[in-house]
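S.K.: Following this message is one structure expressed as structure tokens.
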Amino acid sequence: MSGQNVTMTRRLPVVAVLAAVTLALTGCQFLPSPVPPQPTVELTDVEAFYTQQLDWQSCGSDQFCATAQAPIDWDAPADGAIELALVKQPASGTAQGSLLLNPGGPGGSGWDYVYFSGASSVGAEVAEVYDVIGWDPRGVGQSTPVTCYTDDADKDELLYGTFDSPYGSEEWIAELTTAQEDFAAACLQNTGALLGHLDAASNARDMDMLRAVLGDDTLNYLGYSYGTFFGAVYAELFPENVGRLVLDGAVDPLLPNHEMLATQMAGFDSAFRAFLEWCLAGEGCPFSGTVDDAIGQARGILEGVDARALVNSDGRVLDSATLGTGIALNLYSEGYWPDM
């Protein structure tokens, strides 16, 4: 969930980059998203979910929106349903079927990605022959969301509050643990049963249902980053329904979380060194010397920013965790390097 990822970027510098995919893909949204139409039919068994009819409504210059229903628990479909928001960018030529797209995260909005990027979300050649479908996975965005804190002050404190103890100390770990436990308790209280069914397998079953209601015999799917995990789990659960799957920036589903994090950190380290090499070769670079010299200078900035108490006019503090997230966001594409 993107809200949880953002929380971790602010609260835990060691994992400051985990939210970068989500923020990079969805954080530049300035226009209000249209609300897709809501379903009215109550569905109580698996077959009913697979045979539901989507009511596509125009929601953009050439896009259409709809809402599908999925069971909270696929093993108990009569126990309640959630809503999944979809947006369709129709093929510019003759459609060969649908292409489902997920940008990663966890918690990235496929709805926003397709709605605001249109045909460029996949490129002109692909957009000519596929109806590109973006959807918000369960718990995300315009689909039935995970709700944690409902008060803006609580959200702001969680995302931008600071600690009494220095980062890395035992006292800081205790503060962080308490904050995260309180956050998790609020998520459970305000979300209910859905919180226990946000796993990749439930999302993969949602994807197979969407394949069916879109009228496709097989699933064509494009997943980035964490979205590759959805694709891998789908292929494991529904091998007979696999069409064309593109898994870009694949997540290894067999790696424990700490090893996955270490691998990702190595990738960011490599990208930062490449940025510094590019910067030092140009004009106006704020760093000097060799790449290793520049890394030392950057580390000095990060280590010194906490003591500077840089407070915004609204009271929020810029510290090393926020600065680290800002750096990480700019490492996903060379196109961001001039800004950094």
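Every read-out reported here was derived from the displayed coordinates using simple, explicitly stated rules and does not represent laboratory data. Everything quoted here is computed from the prediction, not taken from an experiment. As a convention, Cβ positions derive from the backbone with ideal geometry for all residues, glycine included, and neighbour counts pool all protein chains shown.
S.K.: About its Cα centre, how strong a charge dipole does the stretch 264-324 have in debye, to the nearest 20, once Lys and Arg get +1 and Asp and Glu get -1 at the Cβ?
M.R.: That gives a dipole near 120 debye.
S.K.: What does the convex hull of the Cα atoms come to per residue for the stretch 255-340, in Å³?
M.R.: 128 Å³
S.K.: Determine the distance separating the Cα centre of the stretch 176-233 from the Cα centre of the stretch 261-276; give it in Å without decimals.
M.R.: So the two Cα centres are separated by 27 Å.
S.K.: Next question. Could you state the principal axis extents of the C-alpha atoms in the stretch 58-201, from the largest down, to the nearest angstrom?
M.R.: 61, 39, 26
S.K.: Another question about this same structure. What label, among (i) -0.24, -0.33, -1.07, -1.32; (ii) -0.24, -0.33, -1.14, -1.46; (iii) -0.22, -0.30, -0.99, -1.27, belongs to log10 I(q)/I(0) by the Debye sum over Cα atoms at q = 0.06, 0.07, 0.13, 0.15 Å⁻¹ computed from the structure on display?
M.R.: Among (i) -0.24, -0.33, -1.07, -1.32; (ii) -0.24, -0.33, -1.14, -1.46; (iii) -0.22, -0.30, -0.99, -1.27, the one derived from this structure is (i).
S.K.: While we're on this one: Compute the longest continuous run of the chain that contains no exposed GluC sites (Glu not before Pro); treat a site as exposed when its DSSP state is not H, G, I, E or B and it has at most 11 other Cβ atoms within 10 Å.
M.R.: 43-282
S.K.: Across the Cα atoms of the stretch 141-241, what radius of gyration and what greatest pairwise Cα-Cα distance (Dmax) are found, in Å?
M.R.: 18.8, 56
S.K.: Between Glu277 and Thr44, take the C-beta separation as r, use R0 = 51 Å, and let me know the FRET efficiency to the nearest 0.05.
M.R.: 0.30
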